[in-house]
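To start, the structure itself, in structure tokens.
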């Protein structure tokens, strides 16, 4: 990849091309959209939409429910809401693989991002009406597929092949993800409580429009889509590209191991906090969901430390390579998950101090910083150029498969002790890290294969 692709002759901000900040700002609003929905959707369905007087007005819902219950059996309102939420979130993480392929092969990445943002905006505004609820979810996950499948691949095109800043760029890109995850539940949740559900959803829609305006305004700072036509015309993959695909397929399995543990933090962790953590400060009891906001802010707090460390190591030739970072991240996350297993036991009272949860979030997010952005950078920089968007979507799809696995494992929470439950998850994610170390040499060889 030539330096010209990366707009190397333009001024930089924090040693990165200004286009990175356009992409990151757009992603911030995408995540405010998604995490705003994530914070409200299940409560909205259970407390309002699926109750008598409203559920009858949802277009096509009777048919949707009948099809779902044909597979699952009869569902209560709460179970129906949980199943619907799971389908929505799963498809949000699965469709970027398709959206990336559409951008790679058909319409280009810019058009994919713009179309995705417009679909998501329309979806949020459809949430304002009971009748268009299912249409809203359809528009949202289709839009997310196009936007996410084509936005992240543009990060790597800002840099020349082999530029070590690519990995750091994805760290900064993930700042937008985490900042959105922190802001969204606070903003949409407050609006929903004070003004009503639809104001919360409306804020997410306006936010997505803001993200689109930022993206359009910064078009001159982004690489063009001219390489897409050349990539499509190139046809068959080379031997080197097939070898890279083989290595990325192995890393995809490793990613599933990591996200199984992380997905459980979105799921059963809240029940564990409810059952095993002392949330009282004097007369004040911390709401359980507040601890989830730490997953949004913790990476932002610890990221400067690790970026500085890696830059210092790079200057001395001791910075870990990307595969080693992935392994370190999985092992650190495993150690953080193990903290959940031992916390109540160490406390001796059955209820751990809230500071154990804070320690978990700081530790696990240090592991997340090593793992998630680096894995995304690997898929972006080592994917065959003609499949870059597709494979970045596949990287996201690992969360989809992991969520299915963690959902099944979540049923063990009532059967196992908390110690055994979390040690199981610690072993899964740490095992992925050990597998990377064991396979590092062949993986490194395959990923280094020339694409021509």
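The values are calculated or read from the model by the stated rules, or taken from the named source; none is laboratory data. Predicted model, so just to flag it, every value in this text is computed and none were measured. Glycine gets a Cβ as well: all are built from the backbone with ideal geometry, and neighbour counts include every protein chain shown.
Things to note:
- Number of residues in segment 29-39 that are touching a helix residue (DSSP H, G or I) at 6+ places or on another chain (Cβ under 6 Å) and surrounded by fewer than 22 Cβ atoms within 10 Å (Cβ to Cβ) equals 0.
- Restricting 258, 306 to residues that are over 30 Å from residue 417 (Cβ atoms), surrounded by 15 or more Cβ atoms within 10 Å (Cβ to Cβ) and either touching a residue at least 12 places away in the same chain (Cβ under 8 Å) or in the same structural domain as residue 437 (by TED's automatic domain parsing) (or both) narrows the list to 306.
- Flag for residue 324 being crowded, with 16+ Cβ neighbours inside 10 Å, farther than 30 Å from residue 101 by Cβ and out of contact with any helix residue (DSSP H, G or I) (no Cβ under 6 Å at 6 or more places or on another chain): yes
- Extreme residue, modelled with the lowest pLDDT, among residues of segment 282-297 that are touching a helix residue (DSSP H, G or I) at 6+ places or on another chain (Cβ under 8 Å) and farther than 22 Å from residue 395 by Cβ: 289
- Residues of segment 348-366 that turn out to be surrounded by 23 or more Cβ atoms within 10 Å (Cβ to Cβ) and either without any contact (Cβ under 8 Å) to a residue 40 or more places away in the chain or in a loop (DSSP other than H, G, I, E, B) (or both), as a count: 1
- Out of 155, 131, sole residue that is within 19 Å of residue 322 (Cα to Cα), modelled with pLDDT of 80 or more and out of contact with any strand residue (DSSP E or B) (no Cβ under 7 Å at 6 or more places or on another chain): 155
- Taken together, the residues in segment 193-232 that are part of a helix (DSSP H, G or I) and either farther than 26 Å from residue 386 by Cα or at pLDDT 80 or above (or both) amount to 27.
- Residue within segment 314-331 that is over 30 Å from residue 445 (Cα atoms) and at pLDDT 75 or above present: no
- Counting the residues of segment 56-91 that are buried (at least 16 other Cβ atoms within 10 Å of the Cβ) and either in contact with a strand residue (DSSP E or B) (Cβ under 9 Å, 6 or more places away or on another chain) or modelled with pLDDT of 90 or more (or both) gives 4.
- Taking every residue in segment 24-39 that is outside the structural domain of residue 144 (by TED's automatic domain parsing) and pairing it with any residue that is at pLDDT 85 or above and in a helix (DSSP H, G or I), at least 6 positions away or on another chain, yields no pair with a Cβ-Cβ distance below 7 Å.
- Counting only residues that are surrounded by fewer than 22 Cβ atoms within 10 Å (Cβ to Cβ) and modelled with pLDDT under 75, segment 387-408 holds 3 of them.
- Whichever residue in segment 233-271 is more than 20 Å from residue 449 (Cα to Cα) and out of contact with any helix residue (DSSP H, G or I) (no Cβ under 6 Å at 6 or more places or on another chain) and, among such residues, is modelled with the lowest pLDDT: 233
- Filter result for residue 345 (surrounded by 13 or more Cβ atoms within 10 Å (Cβ to Cβ) and farther than 27 Å from residue 393 by Cβ): yes
- Segment 158-181 - residue that is part of a helix (DSSP H, G or I) and over 15 Å from the mean Cα position of the chain (by Cα) and, of those, modelled with the lowest pLDDT: 167
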